[in-house]
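Written below as structure tokens is the structure these notes are about.
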Protein chains: 2
Amino acid sequence: MEHLIRFLLQSGLKPFSIDPAINELEKNLTRSELLALILIRFKKQITMSQLASDLGVPLSTVTNIGQRLKRRGLIERQRDPKDRRSILVSLTSEGMELANQMMIVLNRLIQRVEAALTPEELNQLIQLGMKALKAIQTVETGGEKEQARLRKIQISD
Amino acid sequence: MEHLIRFLLQSGLKPFSIDPAINELEKNLTRSELLALILIRFKKQITMSQLASDLGVPLSTVTNIGQRLKRRGLIERQRDPKDRRSILVSLTSEGMELANQMMIVLNRLIQRVEAALTPEELNQLIQLGMKALKAIQTVETGGEKEQARLRKIQISD
DNA sequence: GACTAATAATACGATATCGTAGTATTTTCC
DNA sequence: GGAAAATACTACGATATCGTATTATTAGTC
């Protein structure tokens, strides 16, 4: 395991410059913006805070991201009637278009993995990966002051 | 597999805000700066380009990161006598100190994982994970990029 | 109901990142 | 051996991110 880390460090930890199509999309939009689009696509509607938490960035950053996406006509904003402090963000058809393009790329990546592993292996990988993630993602107690940075996840085994 | 993505999206995709100690360190230094320190620690000496490649950020960004680390007295720079275009970066004792703190945190994370999985599970996870990564990272042939993948690491702790 | 605390979001200034242009050195190849 | 291409960096302006202060709304307590 020690060497896993070493391997990761040694081989560099670049997360995402994997598919050329992604780089292509990143010519026009930030990675954060692209991720935001995908997240919104999955949730249909989402508040700014939720988005911040899901992206793992401060809310003030999401404010900026949202402004840029709005300016480009990719998202719509409307106040939540249930809680008028919140703003619900959703995709415009143009934004949906772009998010779909992203999904195509993502699905291609998934297919590559599915092609490389047997179904059994894939299943195993997912199970083990989740287990490991869960172990890492300890929810620390007591010490407040962690806010948007902290997202805890609910894993059903 | 579809739900893997969904899970990842639902649970947020920020990799690193996991251990409170990391957040503590990030009060003083950027994540990039911390990663840079760790990378330099592992390689002992490394050029700016290599660092950029390992971090997965543009060289111009590394120039800035380097300047900040230098200013804080955490790294040293010297021209490579073998290739006077390059600059070799290494840790000062103060930088090493900090990198070691990072490693302590990382090792704690590793231990958490090791505690959660049996040795066989862990091994399998690593194997499968690498296989999947490799599948993803295989970009179309032709212009080759050839990233580092040979590990043979020899560090005395 | 009114007061206080908590939450959701934005504004704004400070810092980090990135793309591109420019400089210096090395490699290629004739 | 020397011109042209490639490589390693830095400088600099544009954009993105972040922390903090501020405003608006809701939740909690008496």
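The values are calculated or read from the model by the stated rules, or taken from the named source; none is laboratory data. What you see is a predicted model; the values in this text were computed from it and never measured. Cβ atoms come from the backbone with ideal geometry, glycine included; neighbour counts cover every protein chain shown. Note: accessible area is taken over every heavy atom of the protein model, side chains too, but ligands, DNA and RNA are not part of it. Shrake-Rupley method; radii C 1.70, N 1.55, O 1.52, S 1.80 Å.
A compact table of results
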item: Per residue, in Å², the accessible surface of region A:22-110 once ligands and nucleic acids are set aside, probe 1.4 Å; result: 53
item: Shielding by partners - mean other protein chain Cβ count within 10 Å, residues of B:106-119; result: 4
item: Accessible area buried, both sides summed, chains A and B with 1.4 Å probe, Å²; result: 5500
item: Shielded residues, region A:28-53 - accessible-area loss of 20 Å² or more between chain alone and all protein chains, probe 1.4 Å; result: A:LEU35, A:LEU39, A:PHE42, A:LYS43
item: Cα-only Debye scattering, region A:19-117: base-10 log of I(q)/I(0) at q = 0.17, 0.22 Å⁻¹; result: -0.74, -1.12
item: Lysine pairs in region A:19-117 with Cα atoms under 20 Å, if 8 or more residues apart or on separate chains; result: 5
item: Qualifying trypsin sites (Lys or Arg not before Pro) for region B:48-91 [loop in DSSP, other Cβ within 10 Å: at most 14]; result: B:LYS82, B:ARG84, B:ARG85
